[in-house]
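Written below as C-alpha cells is the structure these notes are about.
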Amino acid sequence: MDLLNTLVDKGLRRETPTRGEALAVLATSDDDLLDVVAAAGKVRRHWFGRRVKLNYLVNLKSGLCPEDCSYCSQRLGSRADILKYTWLKPDEASKAAAAGLAGGAKRVCLVASGRGPTDRDVDRVSDTIRAIKEQNGGVEVCACLGLLSDGQAERLREAGADAYNHNLNTSESTYGDITTTHTYADRVDTVQKAHAAGLSACSGLIAGMGESDEDLVDVVFALRELDPDSVPVNFLIPFEGTPLAKEWHLTPQRCLRILAMVRFVCPDVEVRIAGGREVHLRTMQPLALHLANSIFLGDYLTSEGQAGRADLEMIADAGFEVEGTDRVTLPEHRTGGGCGAHDDGGCGAHEGDGCGSHGGGACGPAPSGAGSCAGAAEESAPRTDEPRTDLVAVRRRGAGTDLAPNA
C-alpha cells in the first residue's frame, strides 16, 4: 500500500503524518491488518530494536477518589467491588515494588487515587521513592498522583523521581463527556509542570469510551504536540458499577490499528500497551509487541493482569527480549537534554512521558475500553446489552492485601 510505504518513510525520518494518513490507518480493513502491523513494526524496530521495557504498578492508595471520571473504578460514586485502602507506608510500597523488579521490571509506577496530592502527600511519596531507590539500583520511578500544584513536580524530582504520568485520555472536544470535576486544560497543565521540572513526561490515552476515529487522532496529535517520552495506550476495562460498564466495542484488530496509528504519529517514543490489553487483545497480544515497545508486568491498579510468567514467555516466544537496566530506552537524540530537549521531529515538539493511567490521579492501567469505529462501524464487535463481567477480574492480591502479588 502506498499509504504504508509513506508512513514508514516518515516514521524513519521522525516526520509527522497528516491527519488524513492517521485516519486512514484506523480505517484499514482486517484483510490489510498484517500489512499495517508489519509497516508499523519497521518503525518500532528502527528506533527500539526488539527490546520490550517492563513496568510495574504499585497502587499506593486505592479507591475513594472525589473525581468523577466515567471510566474509573475508583471514581466518586463507583459501585465497583474493588480494594479500598489508604496510603501504603514506604517499606510496604518498596516491598510491593520488589516483586515486580524481581520479574524483570525496569520502571516502578507509584499511583495514588485522588484529584491531586497535598504537600503532605508529596512528602509521603518522596519517602517511598527514596526507599525504592535505596534498595534497588538502576530502577526508574514514575509518580502518578493526579493534578500537580506549583512546586510539587520539583519536589518529586528532588526526591529521585524520574518521570511523572498524567494522561490526556481523550480528545479535548469530548473530555467534558467523560469527566466534569476537572478539565482537559488541567491535565495539559500538569504534564507541562512535570516537563518544566525536568521530569520525563508520560501521557497517553484511553481507547474504547465511545470516541470517534477523529477523537483518537485528535488526542494522539495533541500528545505529539506535548512531546512526552512515553505514551501509554489504555483500552477501556468496562468495570461493572461504573458509567461505562456496557462499553464493549473493541476488537483485537481495532486495538492493533490504534497502536499502529500511535506508532506512526509518535515513532521514536516509548509506546506502552497499558490497561485492558489482556481483555481486548487477548490471543493477539504478541502481535502488539511489534507496535509497542513497553508493557506493564502482572496486575493493574484494580484489576488482575496476565500472570507475570506468561508475559515473559510471550515476549520470548514472539522473538523479543526484556530490556535491561543497562540499556537506555529512548533513542539517543531524545536523551541528550532530558524531556524537552528533543529534536523537532520527536513525538511532538514539546512533550512528556510516563506510565499508563486513568483519571484523577492514577498512573497505571485504569479501565480503558471500547471505542466507536467511525468509518468502520461494520468491523466492530456487536454491542451487547449486558456487561461482559466474565472478562474482568478484580484485583484481590498484592499491595494493600495479605496475598502475594502476581509478578
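A short reminder: the numbers here are calculations on the coordinates, not readings from a lab. Worth saying up front: this structure is predicted, and the values here are computed from it rather than measured. For neighbour counting, all protein chains shown are included, and Cβ atoms are generated from backbone atoms with ideal geometry for every residue, glycine included.
At-a-glance table
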| item | result |
| --- | --- |
| Placed amide H near residue 200: partners under 5 Å, 5+ positions off or other chain | 163, 164 |
| Lysine pairs within the chain, Cα separation less than 24 Å, 8 or more sequence positions apart or different chains | 19 |
| Residues 251, 16, 181 arranged by fewest to most Cβ contacts within 10 Å | 181, 251, 16 |
| Potential lengthening between residue 13 and residue 115 on full extension [0.36 nm per residue; Cα-Cα distance subtracted] | 32.8 nm |
| Highest average packing first - 90-100, 76-86, 278-288, Cβ atoms within 10 Å | 90-100, 278-288, 76-86 |
| Protection proxy ranking of 149-158, 29-38 - average other beta-carbon atoms within 10 Å, highest first | 149-158, 29-38 |
| Where labels lie 7 Å past Cα in the beta-carbon direction, separation of residue 309 and residue 38 in nm | 3.6 |
| Dimensionless Rg ratio for the chain, taking C-alpha atoms and the 2.2 N^0.38 Å reference | 0.87 |
| At R0 = 35 Å, FRET efficiency that the Cβ-Cβ distance of residue 327 and residue 283 yields, to 0.05 | 0.75 |
| For the stretch 2-391, size of Cβ-based charge dipole, Lys and Arg +1, Asp and Glu -1, in debye | 880 |
| Gained length - residue 79 relative to residue 91, 0.36 nm times residue gap less alpha-carbon distance | 1.3 nm |
